[in-house]
Amino acid sequence: MTFTDPIPEFHPTHVVPQEGLPAWEAPDVGRPTAPLDPFLPVQLLSRRGEWTEILCANGWSAWVDGRLLVAVPQPPPTTGRPLARTEDPGPLLGRAAEALERYRRAVHDHADGAAGGEDFGRAVRGLRLGIVIDGESAWLYDETSRRWMYADGSRMATYAVVSGPGARAPHPEHQR
């Protein structure tokens, strides 16, 4: 894994699955490195069989099992028609900002010693957030309905769902 200055031309092509993903310094299981966080946007650089070299927005690169990455097409398929106006992205963006602020406060309290590891765990339990913003395009994960939404600035539409019809509703802890 290497680190350089932020990459100005970084364009996410994939996101890490919701379980996170182990990573390696090289395409060699004997050289593990820090695992990747769930929903982290990454850019695919190269492939060697099942191995995929990825780049993160901060310039960090690693090798992963590329079969497990979730593709983020540019732009989402629309069958040639403009996106129909469905939902206002404002409320989902507001919930994302609240979740990020909740996490930021918990990290701050933990780093300052105001909260121990168990307190930190309780403060962030059930918190799930996924955002990829690339210029005018945004992919937002809506945990309350367990789906990825695509927004182009004024319109937002369902992009992908996590579970199919008839699936149980998410745990109430995730509906904050």
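The values are calculated or read from the model by the stated rules, or taken from the named source; none is laboratory data. None of these values were measured; they are calculated from a predicted model. Using ideal geometry, Cβ is built from the backbone for each residue, glycine included, and neighbour counts are taken over all protein chains shown. Heavy atoms of the whole protein, side chains included, go into the accessibility calculation; ligands, DNA and RNA do not. Shrake-Rupley method; radii C 1.70, N 1.55, O 1.52, S 1.80 Å.
Brief remarks follow.
- Residue pairs whose Cβ atoms lie under 9 Å apart, sitting 6 or more positions apart in sequence or on different chains, and linking a residue in region 36-52 that is touching a residue at least 40 places away in the same chain (Cβ under 8 Å) and under 15 Å from Ala71 (Cβ atoms) to a partner that is β-branched (Val, Ile, Thr) and part of a strand (DSSP E or B), are Phe39/Val15; Phe39/Val70; Phe39/Ile131; Phe39/Val132; Pro41/Val15; Pro41/Ile131; Pro41/Val132; Pro41/Ile133.
- The one condition in (1) in a loop (DSSP other than H, G, I, E, B); (2) modelled with pLDDT of 80 or more; (3) of a type in the set (Ser, Thr, Tyr) that Ser163 fails to fulfil: (2)
- Residue in region 47-56 that is modelled with pLDDT under 90 and under 16 Å from the mean Cα position of the chain (by Cα) present: yes
- Hey, Pro73 under 19 Å from the mean Cα position of the chain (by Cα), loosely packed, with under 12 Cβ neighbours inside 10 Å and at pLDDT below 85 or not: yes
- Hits in region 110-144 - residues which are among the aliphatic types (A, V, I, L, M) and assigned to a strand (DSSP E or B): Ile131, Val132, Ile133, Ala138, Leu140
- A single entry from Leu100, Leu127, Leu93, Leu140 fulfils the requirement of being within 19 Å of the chain's Cα centre (by Cα) and open to solvent by less than 30 Å² (accessible area, probe 1.4 Å): Leu140.
- If the condition is being among the small types (Gly, Ala, Ser) and under 24 Å from Ala106 (Cβ atoms), then region 128-148 contributes only Gly130.
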